[in-house]
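Accompanying notes for the structure given below.
The values are calculated or read from the model by the stated rules, or taken from the named source; none is laboratory data. Not measured: the values here are computed from a predicted model. Methodologically, a virtual Cβ is constructed for each residue, glycine included, from the backbone with ideal geometry; neighbour enumeration extends over all protein chains shown. Protein only, heavy atoms only, side chains kept; ligands, DNA and RNA dropped before computing areas. Shrake-Rupley method; radii C 1.70, N 1.55, O 1.52, S 1.80 Å.
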Amino acid sequence: MKTQSKIALVLFICNLTLVLIFGLGIYYFLNKYSFVDFYKRLETRAIITAKYNLEQDTLNAEAFKTIREQYFEKLEQERQYVFEVNATSTLSQAAKKYQLPLYFLKSVLKEGKTTSNDGNTFYAGIKYNLNNKLYLVVVTAENYYVSHHLRVLRNILFGGMFLIVLITIYLSIYFSKHIFDPIKQITDKVKQISTENIHLRLEEKDTNNNEISELTATFNDLLNRLETAFETQKNFISNASHELSTPLTSIIGEADVALIKERTVEDYQLAMQNILQQAERLDQITKSLVFLARTGYKGKKIIFEIVRTDEIIWEVKSLIDQLNHQNHIILDLNLLPEDEKRLKIKGNRQLLQLALANILNNACKHSHNKPVIVYLASSDNQVIIVIKDEGVGIPKEEIAYIYDPFFRASNTHLFEGYGIGLPLARNIIKLHEGQLTLTSEVNVGTTVQIKIPIARILKF
Amino acid sequence: MERNASFISLTATEYRLLLVLIKNKGRVLSRVDLLESAWDINFNMETNVVDVYINYLRKKIDTDVNNKLIHTVVGMGYVLKEI
Amino acid sequence: MQKTILVPTDFCVASLNTLRLALEKNQQGLSLKVVLMYAELLEDSIAELLFYSPEKRINALKSNEFDEALSILKNRFENRIVEVSLELFHGYNHQAFNHFTDANGIDEIYIPKTYQFNLLSRGFNPMPIIKKSKLPIYELEWQYQGVCLENNQLHLIFNN
């Protein structure tokens, strides 16, 4: 069943139930009330009948009769019976005579006054004591309300309900259709978009924040990301082939030139050295590519252990000191927490070192070995590492692409590198369920902020 | 690391710091001394790092033990006392 | 011994540097209770006042980064800080401020020397009022450049 008809059905059933409960409720309570009310009227009439039929004082009786006739409307099929009771035998006689139910008369005798009904005929009876004689006064009438008013009410209710049901059916079908209209439109449009025309977007019609425009926006966002991914893929291939072909071309060129004619041993050595250099460069690129690929996919077995972030930073620092003597890395550990457990994270030492070394190297490189400050601190559930340099920065327009492999900002041609470090670092941080954010301003510096969740260790 | 036959795991930095303290047993070492000898280079770093690491070291070595090893000399630095 | 210090804040991470310096100054084993104060005028409309709740207001004002920076400081000075509380100050004059400090049992006040408060809608700069207080006031100097950004400002806490 389609969602559309499901919604229509649910709406309809809900409405129908509510209307039914409402109608039946009204009918039931009114019915009950009409009984009570009618019994009261019959009882009053019985008392008055008793008074004017049995009262000795004729004057008083006359008055009652006047009241009775002037002010009380005559009920449908109203009859009054007054009879004396002296023994049980007369009770059944009376019952037979007046066609009254015997059980009713008995209960009147027993309880003093009582009410009852037999179908539409209602009875009210009272016991009346006069001059040591026992009288029973019984008034019977047909319940006009049940027979007439309630019937009208029932008809009205049924008619109303039928109308409401019709309206509900119409409305639920209309609404369910109307609600799903835009979704259908979106589905149709999305169907048209394929890899060929991925630049197409859905129209974002109304600016008001309803679910449909949200859905459209989400779809467009998804398409944007897909398109960027596509572009990245394309760029990656062209960049990678470029990066790989440059050293290859120089290797080929160098070898070619060396082979043209016979040369001295020194020349050969020089040529071989150049070739070796380029080959090493190639090797490095492929190695980092392999790393990048490995960190890009989860599921590969990477051994995670509990590591201390401050230790890793110390290690990375000494590593960089060995490689680059001119570096000017300052560790600012003033905000280290008092509890060293807060520095422990679950991670892979080598990968984390690699990530941090990449970032620190970038920072040193792009700032001409100006001071690079590394801050370390920990909040309640994250270790925070901030790396701040005073380097060339990244142009604002290009920040979006810095995580693309092989992307290099436009102001970096003076520096060596092939643009794998940062994506790699980010992948590694992501593997550790962390976040890497980067803010930068051209010629002011770049700040890299890394957050990694603290390891939850129950036992020490 | 072992103290009273119970193992204590130290990080490299903590170990270096402890080593310096042991080598200079009984002598009061200033924060700058410690910084220079344990981290060999003089960073332009605040000496407060030493406090942090001494604190970590103390927590590991001196908790649950009656005779404390590392003592603070107010205004001077730290000293590792002989038992 | 325990004392309570008051530090004005504007819910920017940078403003916590005052607190940081204040904590670094108080090295001598004294435990501290910290009251961070944000000065703000009360709403005018009765409807707003009816549903006014300081906690909700504070939660609306502060960012996750602020919380995180605060927790960094709490962890750094774990043994020294007893409690950090955020309070709103709605007064107009120094008398109201005196009441505020009395109510919170403030012993000392630490204020930044040059920091420009980043004021949101109804916030105001409490400096003139604070300076009239008779409690000991320490002015702390620290470098600060830039503005209070919405995001990525956590590193500002590391500024010296």
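Tabulated values for the structure
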read-out	value
Point-charge dipole on Cβ atoms (K/R +1, D/E -1) for the range A:285-398, about Cα centre, debye to 20	640 debye
Furthest towards positive pole of dipole, C:SER31, C:TYR115, C:ILE46, structure part the range C:2-158, Cβ charges	C:SER31
Peptide A:327-337 - average C-beta neighbours from other chains (10 Å radius)	6
Two-site FRET efficiency, A:LYS2 against A:LEU166, from Cβ-Cβ distance with R₀ of 25 Å, rounded to 0.05	0.65
Estimated FRET transfer efficiency when R0 is 41 angstrom, pair A:ASP188-A:LEU20 (beta carbons, to 0.05)	0.55
Label-point gap, in nm, between A:GLN350 and B:SER37 - each point 7 angstrom along Cα→Cβ	3.7 nm
Two-site label geometry, C:ALA60 and C:HIS99: point separation in nm, points 7 Å out along Cα→Cβ	2.3 nm
GNM flexibility winner over chain C from C:THR18, C:THR114, C:THR101 (Cα, springs under 10 Å)	C:THR114
Spin-label pair A:GLN435/B:ASN55, simplified geometry with 7 Å Cα→Cβ offset, distance in nm	2.6 nm
The range A:211-296 - charge dipole about Cα centre, Lys and Arg +1 at Cβ, Asp and Glu -1, debye rounded to 20	220 debye
A:ARG225-A:VAL152 FRET efficiency (beta carbon distance; Förster radius 60 Å; 0.05 resolution)	0.35
Qualifying lysines (Cα of each under 25 Å from Cα of A:LYS191; at least 8 residues distant if same chain)	A:LYS2, A:LYS6, A:LYS177, A:LYS205, A:LYS234
Per-residue [θ]222 nm for the protein assembly as shown (sum of -39500 (n - 2.57) over DSSP H runs n ≥ 4, rounded to 500)	-16500 deg cm²/dmol
With Cα atoms, 0 to 90° folded angle of helix A:349-366 axis to chain A main axis	60 degrees
Angle between chain A longest axis and helix A:309-323 axis [Cα atoms, degrees, rounded to 10]	20 degrees
Between the range C:56-71 and the range A:176-253, the alpha-carbon center distance in angstrom	36 Å
Contour minus Cα-Cα distance for A:PHE236 and A:GLU214 (0.36 nm per residue)	4.7 nm
Residues of type lysines that A:LYS396 reaches as a straight line, Cα spacing below 18 Å, ignoring anything fewer than 8 places off in the same chain	A:LYS388
Low-density loop cleavage sites - trypsin sites (Lys or Arg not before Pro) in the range A:371-460, where at most 11 other Cβ are within 10 Å (DSSP)	A:ARG456, A:LYS459
Angle in degrees between helix A:88-98 and the longest Cα principal axis of chain A, rounded to the nearest 10	80 degrees
Integer Hz, Karplus 6.51/-1.76/1.60 couplings in order for the range A:12-22, x for Gly and Pro	5, 5, 4, 4, 4, 4, 4, 5, 5, 4, 4
A:ASP256 accessible area, 1.4 Å probe, all protein chains in place, Å² to nearest 10	100 Å²
Centre separation in Å (Cα based) which lies between the range A:92-156 and the range C:73-148	88 Å
Gain upon complete extension [A:TYR71, A:VAL290; 0.36 nm per residue less C-alpha separation]	68.1 nm
Alpha carbon centroid spacing (whole Å) that separates the range A:331-349 from the range A:380-426	24 Å
Per-peptide average of other Cβ atoms within 10 Å, ordering B:18-25, A:371-378, A:232-239 highest first	A:371-378, B:18-25, A:232-239
Among A:VAL442, A:PRO453, A:GLY419 the positive-end extreme of the charge dipole of the range A:315-460 (Cβ point charges)	A:PRO453
Test item: Cα-centred dipole of the protein assembly as shown, Lys/Arg +1 and Asp/Glu -1 on Cβ, debye	3060 debye
Proximal aspartates and glutamates relative to C:LYS62, as straight alpha-carbon distance under 13 Å, when same-chain residues fewer than 8 apart are discounted	C:ASP10, C:GLU87, C:GLU150
